[in-house]
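In what follows, a structure is listed as structure tokens, so that the remarks can point back to it.
The values are calculated or read from the model by the stated rules, or taken from the named source; none is laboratory data. These numbers were taken from a predicted model, which means no experiment stands behind them. Cβ sites come from the backbone with ideal geometry, for glycine too, and all protein chains shown count toward neighbours.
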Amino acid sequence: MDTDTDSRPDELPPLRDAVESGSPSLVEALLNPLVRSRYTEAELLEARDVALHWYEAGAEAELRRRTGAQEAVVRTRVQDESDSIGELTLGGMSVRDGHAAILTALEELLGIRTSFEELMARALPFDRDHSAWGSATILLAHRRDQETWAAAAALRTHPEPSHRQFGAEVLRLTHLFDDNEADTFAGPALDIFTAWSTREPDRLVLAEVLRALGDHADARANAALLPYAGHPDGDVRRAVASGLGTWFEPPAFSDDVRETLLVLMSDADTAVRLAACHTVGDSRDRAPALADAMSVLLEDVDRKVRITAVEGLAFHDDERCVEGARRLGPPQEHPGTSSVELHLDALWLYRQRRDGWH
């Protein structure tokens with residue numbers, strides 16, 4: 001089934017076909033406010049029922065029932081806009097396994113309040129990069145009510161790591177999405193995650209807890225992050241590297257934070273080096289040691305790290321960004337993504353500041 005979402009509204013497939021395709025991004029395109037009004041409530045309810053059928057039957061079982069094929073299903077992992085999702089092929093027919101996310105989106109559109117337990121049940125068969133997981137945690141986080149908060153918080157003592165991870169993400173996003181000036185969830189979230197970080201044994205859950213701590217501009221958050229800078233898992237170290245820098249930071253890091261970031265900028269894991277360089281580059285700390293560490297990363301084996309080092313040095317008004325950008329050359333395209341290399345923009349802004357352009 002075609003899952004192209006770049007078509008004009010008059011070229012898009014029927015809603016039922018889009019739902020059956022299992023592509024949340026295709027259904028999202030059809031439910032865009034510009035074209036949503038062409039569907040009646042009855043049509044939306046029918047689409048919800050179709051999504052529910054596929055979700056309850058399972059994509060593989062329904063695909064096998066429709067094709068009658070007996071051979072093994074071919075499974076691949078594909079990008080469905082910003083989400084990762086499974087694609088199943090059998091008997092010449094292909095579908096994506098995003099029916100849980102589609103069901104959640106249609107219920108939200110119809111004003112159906114799905115329970116916390118049901119949304120969690122839809123997410124847990126998948127990993128956190130899957131659209132089923134993201135659609136459930138984001139929807140619950142946007143509720144921002146005490147009932148949802150309490151249900152998520154209760155999961156921190158659940159024996160299954162997947163349940164704890166789900167609860168941690170809902171709590172993290174609830175605070176992250178809180179645009180109330182009172183920041184209602186900031187204090188409770190910091191209390192929960194600070195204590196949680198000291199006793200979480202699972203590396204994936206711990207990384208989520210540390211990511212949550214990184215959303216807080218508070219000395220307690222930094223103190224909770226620092227002990228995990230040497231953790232054996234790269235995702236945990238990356239959470240530390242990202243979390244030690246926030247947009248609320250003071251002009252300079254503490255000595256402990258600065259030393260930790262210097263170590264993480266030389267980490268064997270590329271993602272950790274990248275995160276640490278981002279943190280340092282975006283900071284207002286002008287310690288020469290940090291700029292020197294970024295200059296070392298101009299020679300990194302990974303192009304993204306080199307780009308981040310150029311951007312960081314430019315933001316820090318360090319002339320070494322010029323030669324770093326020259327060696328990088330023009331921005332490169334990244335097929336299949338919407339990311340754009342911005343090192344030349346950063347260089348231009350640096351030169352504007354340096355030369356006093358107006």
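Could you grab me the full set of residues in the stretch 30-62 that are aromatic (Phe, Trp, Tyr), out of contact with any Asp or Glu (no Cβ under 8 Å at 6 or more places or on another chain) and in a helix (DSSP H, G or I)?
If the condition is that a residue be aromatic (Phe, Trp, Tyr), out of contact with any Asp or Glu (no Cβ under 8 Å at 6 or more places or on another chain) and in a helix (DSSP H, G or I), then Tyr55 is the only one that fits.
Here is a check on your reading of the model: is Val305 closer than 28 Å to Ser82 by Cβ, surrounded by 14 or more Cβ atoms within 10 Å (Cβ to Cβ), of a type outside the set (D, E, K, R) and modelled with pLDDT of 95 or more?
So Val305 fits the description; yes.
Condition (residue is of a type in the set (Ser, Thr, Tyr) and either without any contact (Cβ under 8 Å) to a residue 60 or more places away in the chain or in a helix (DSSP H, G or I) (or both)) applied to the stretch 64-71: is it met by at least one residue?
So far as the stretch 64-71 goes, yes, one or more of its residues are of a type in the set (Ser, Thr, Tyr) and either without any contact (Cβ under 8 Å) to a residue 60 or more places away in the chain or in a helix (DSSP H, G or I) (or both).
To keep it simple, each residue is scored yes or no on (1) at pLDDT 90 or above; (2) surrounded by fewer than 15 Cβ atoms within 10 Å (Cβ to Cβ); (3) more than 27 Å from Arg75 (Cβ to Cβ); (4) touching a His at 6+ places or on another chain (Cβ under 8 Å).
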{"site": "Val19", "(1), (2), (3), (4)": "yes, no, no, yes"}
{"site": "Ser25", "(1), (2), (3), (4)": "yes, no, no, no"}
{"site": "Glu28", "(1), (2), (3), (4)": "yes, no, no, no"}
{"site": "Pro33", "(1), (2), (3), (4)": "no, yes, yes, no"}
{"site": "Glu41", "(1), (2), (3), (4)": "yes, yes, yes, no"}
{"site": "Ala51", "(1), (2), (3), (4)": "yes, no, no, yes"}
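Working only within the stretch 127-151, note down all residues that are assigned to a helix (DSSP H, G or I), over 14 Å from Thr184 (Cβ atoms) and touching a Ser or Thr at 6+ places or on another chain (Cβ under 7 Å).
Scanning the stretch 127-151 gives Ser135, Ala136, Leu139, Leu140.
Could you tell me which of the residues Pro201, Pro188, Pro227 is assigned to a loop (DSSP other than H, G, I, E, B) and surrounded by fewer than 21 Cβ atoms within 10 Å (Cβ to Cβ)?
Answer to the selection: Pro201.
What pairs come up if the first residue lies in the stretch 90-113 and is loosely packed, with under 14 Cβ neighbours inside 10 Å, the second is part of a loop (DSSP other than H, G, I, E, B), and their beta carbons are under 9 Å apart, counting only those six or more places apart or on different chains?
Gly92/Ala69; Met93/Met1; Met93/Ala69
How about the stretch 247-358: which helices (runs of 4 or more DSSP H) wholly inside it have at least 2 residues that are of a type in the set (Gly, Ala, Ser)?
Here the list reads 270-282, 288-296, 303-315, 320-328.
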